[in-house]
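The values are calculated or read from the model by the stated rules, or taken from the named source; none is laboratory data. Keep in mind that what you see is a predicted model, and the values were worked out from it rather than measured. Using ideal geometry, Cβ is built from the backbone for each residue, glycine included, and neighbour counts are taken over all protein chains shown. For the accessible areas, the whole protein counts, side chains as well, though only heavy atoms, and no ligand, DNA or RNA atoms are used. Shrake-Rupley method; radii C 1.70, N 1.55, O 1.52, S 1.80 Å.
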Amino acid sequence: MRTVTDRFLEYARHHTTSDESVKTCPSTKQQMDFASFLAEECKQIGLENVTIDENGYLTAFLPSNIEKELPVIGFIAHMDTSPDASGEHVCPQVTENYDGTDIVLKGNTTISPLEFPSLLQYKGQTIITADGITLLGADDKAGIAEILTAMEYLMQHQEIEHGKVVIRFTPDEEIGRGADCFNIATFGADFAYTIDGGALGELEYENFNAARANITIQGKSVHTGTAKDTMVNAGLVAAEIISSFPPEETPSHTEGYEGFFHLCYCNSNVGSATLSYLIRDFDEVSFANRKALIENIVAEKNKKYNNRIYLTIYDEYQNMLTQIQDKPYIIELAKSSMLECGITPIIQPIRGGTDGARLSFMGIPCPNLFTGGHNFHGPYEYIPVSSMEKAVDVIVTICKNNILF
């Protein structure tokens, strides 16, 4: 039986960065290639009905080994890595018996416990990083490795009774499109867990309500020598709009259940400017108020600049809590399984979103479980081997304990 570490080290080397500029699904051919690679492994393990649909979604089934009818559990992970950092030519580095000092990598990259104190929790353990040039891809190739290792373990230990289990590996989660082409009918799970969280013990079933606001400003460019009372500098208008937002309500000033506005894109010159904002809040009323604030800011500036500013706002995903809070079985199954594995559940809101958030509104309640990784989406990413092994234990135990609930 292959270890979760062996699997992860191999998967991390596959280049599967998604591309927001491409509208096809999957957005990159490499993701389809990776799906084909994983499909062969699913078949070798002995999973049944292994398929890849036209959009790159890989599905496979672990058959039940008991007669009792049980709810079908699903486990989901995504194949793509974030475009925030290079995912090509990933070279995983293994640090055994970590001694609590800086991990020095290429490119003047240092993963230091002074900057990342969580490292000190793993003294004496084996830690996997990239080489300092790329991201590592534990988000979410660790999740894939953990699911497949758990499925192989259950195939080889038929004495562990369990019901039917379905797994699905999805494309394009990192660009917000992981659930776009998710076929609910062919999945067939009554509920599921995304294995896409962070540190050991994380159990998440609350996430942001999310929207995006795009603002376009049409300036009036004339010669500077004759610009008085005529020029409208779109860049300066953009600056006025930016300064109209509450400065303390940004990601770098908020935590826990606090929402924010995030300026994620700004491009401007005299003639035109574009701004793109992420709007995030856990509370539905506060979320609506944030969208209204942007509308009011734009309306005010349009009065000043004679309707040269155009705003579009669209919702991206909602807080899954509303779809899960009346189904305590799903949460208790995960909590009790973690405790049985010697893990203290860390129940906290996701300051972001997962495929599970959207899937919960599509009819599959879908909390998020830890992978064990830290510092996703960049060269400081790392994952302890022991945390991946614990994730495998939790997946196996959830499948076993489904009989008891």
query = Looking at (1) surrounded by 14 or more Cβ atoms within 10 Å (Cβ to Cβ); (2) among the hydroxyl-bearing types (Ser, Thr, Tyr); (3) in a helix (DSSP H, G or I), which is the only condition SER27 fails?
reply = (3)
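Have a look at CYS266, CYS181 and point out the one that is modelled with pLDDT of 95 or more and assigned to a loop (DSSP other than H, G, I, E, B). Spell out how you get there, then give the answer.
Working: CYS266 fails: assigned to a loop (DSSP other than H, G, I, E, B).
Just a single option satisfies the conditions, and that option is CYS181.
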query = Given the conditions (1) touching a residue at least 24 places away in the same chain (Cβ under 8 Å); (2) more than 30 Å from TYR329 (Cα to Cα); (3) assigned to a loop (DSSP other than H, G, I, E, B); (4) among the hydroxyl-bearing types (Ser, Thr, Tyr), and given that THR101 satisfies all but one, which numbered condition is not satisfied?
reply = (1)
task = Mind listing just one residue for me: the one in region 321-344 that is more than 17 Å from ILE73 (Cβ to Cβ) and of a type in the set (A, V, I, L, M, F, W, C) and, of those, most open to solvent (accessible area, probe 1.4 Å)?
result = LEU339
query = Tally time: how many residues in region 121-146 are open to solvent by 30 Å² or more (accessible area, probe 1.4 Å) and of a type in the set (A, V, I, L, M)?
reply = 1
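Identify all residues within region 325-338 that are outside any loop (DSSP other than H, G, I, E, B) and touching a Pro at 6+ places or on another chain (Cβ under 7 Å); write none if there are none. It would help to see each step written out before you state the result.
Taking region 325-338 as the starting set, the residues that turn out to be outside any loop (DSSP other than H, G, I, E, B) are 328-338.
Passing the criteria: ILE330, ILE331, ALA334, LYS335, MET338.
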task = Output the residues belonging to region 374-392 that are polar (S, T, N, Q) and open to solvent by less than 10 Å² (accessible area, probe 1.4 Å).
result = SER387
message = Within region 139-149, does at least one residue satisfy the condition of being in a loop (DSSP other than H, G, I, E, B) and of a type outside the set (A, V, I, L, M, F, W, C)?
response = no
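Quick check: anything in region 156-167 at pLDDT 95 or above, closer than 30 Å to TYR310 by Cβ, open to solvent by less than 20 Å² (accessible area, probe 1.4 Å) and assigned to a strand (DSSP E or B)? So that I can check it myself, show each step before the final result.
Taking region 156-167 and keeping what is at pLDDT 95 or above, we get 156-167.
From what is left, the residues that are closer than 30 Å to TYR310 by Cβ are none.
No, region 156-167 has no match at all.
Please determine whether any residue of region 246-256 is farther than 25 Å from ASP84 by Cα and out of contact with any helix residue (DSSP H, G or I) (no Cβ under 7 Å at 6 or more places or on another chain). Break it down stepwise before answering.
At the first step, the residues of region 246-256 found to be farther than 25 Å from ASP84 by Cα are 246.
Cutting the leftovers down to out of contact with any helix residue (DSSP H, G or I) (no Cβ under 7 Å at 6 or more places or on another chain) gives us 246.
So far as region 246-256 goes, yes, one or more of its residues are farther than 25 Å from ASP84 by Cα and out of contact with any helix residue (DSSP H, G or I) (no Cβ under 7 Å at 6 or more places or on another chain).
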inquiry  = Return the residues of region 113-138 that are in contact with a Leu (Cβ under 7 Å, 6 or more places away or on another chain) and either assigned to a loop (DSSP other than H, G, I, E, B) or under 23 Å from LYS43 (Cβ atoms) (or both); say none if nothing qualifies.
reply    = PRO113, ALA130, ASP131, GLY132
inquiry  = I need a count of the residues in region 34-55 that are in contact with a Leu (Cβ under 8 Å, 6 or more places away or on another chain) and either open to solvent by less than 40 Å² (accessible area, probe 1.4 Å) or under 16 Å from ASP172 (Cα atoms) (or both).
reply    = 9
note = Selection over region 269-291 where residues are assigned to a helix (DSSP H, G or I) and either touching a strand residue (DSSP E or B) at 6+ places or on another chain (Cβ under 7 Å) or open to solvent by 80 Å² or more (accessible area, probe 1.4 Å) (or both) yields a count of 6
task = Report whether or not ALA238 is surrounded by 14 or more Cβ atoms within 10 Å (Cβ to Cβ), of a type in the set (Gly, Ala, Ser) and outside any strand (DSSP E or B).
result = yes
note = Restricting region 68-120 to residues that are of a type in the set (Gly, Ala, Ser) and either surrounded by fewer than 19 Cβ atoms within 10 Å (Cβ to Cβ) or within 18 Å of GLY197 (Cα to Cα) (or both), the one modelled with the lowest pLDDT turns out to be GLY107
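Do we find that TYR257 is in a loop (DSSP other than H, G, I, E, B), touching a residue at least 24 places away in the same chain (Cβ under 8 Å), open to solvent by 50 Å² or more (accessible area, probe 1.4 Å) and touching a Phe, Trp or Tyr at 6+ places or on another chain (Cβ under 9 Å) in this structure? So that I can check it myself, show each step before the final result.
Details: in a loop (DSSP other than H, G, I, E, B): yes; touching a residue at least 24 places away in the same chain (Cβ under 8 Å): yes; open to solvent by 50 Å² or more (accessible area, probe 1.4 Å): yes; touching a Phe, Trp or Tyr at 6+ places or on another chain (Cβ under 9 Å): yes.
Against the criterion (in a loop (DSSP other than H, G, I, E, B), touching a residue at least 24 places away in the same chain (Cβ under 8 Å), open to solvent by 50 Å² or more (accessible area, probe 1.4 Å) and touching a Phe, Trp or Tyr at 6+ places or on another chain (Cβ under 9 Å)), TYR257 qualifies.
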task = List the number of the failed condition for ILE395; all other conditions in (1) in contact with a Gly (Cβ under 9 Å, 6 or more places away or on another chain); (2) in a helix (DSSP H, G or I); (3) crowded, with 22+ Cβ neighbours inside 10 Å hold.
result = (1)
Single residue of region 345-373 satisfying the filter (open to solvent by 30 Å² or more (accessible area, probe 1.4 Å) and part of a strand (DSSP E or B)) that is farthest from SER118 (Cα to Cα) = ILE347
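May I ask you to list the residues in region 292-306 that are of a type outside the set (Val, Ile, Thr) and either more than 12 Å from VAL237 (Cβ to Cβ) or buried (at least 17 other Cβ atoms within 10 Å of the Cβ) (or both)? It would help to see each step written out before you state the result.
From region 292-306, those of a type outside the set (Val, Ile, Thr) are 292-293, 295-296, 299-306; that's our starting set.
If the condition is that a residue be of a type outside the set (Val, Ile, Thr) and either more than 12 Å from VAL237 (Cβ to Cβ) or buried (at least 17 other Cβ atoms within 10 Å of the Cβ) (or both), then ALA292, LEU293, GLU295, ASN296, ALA299, LYS301, LYS303, TYR305 are the ones that fit.
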note = Expected output for region 278-304 (first residue more than 12 Å from SER244 (Cα to Cα), partner open to solvent by 90 Å² or more (accessible area, probe 1.4 Å) and of a type outside the set (Val, Ile, Thr), Cβ below 6 Å, 6+ apart or cross-chain) is PHE282/TYR257
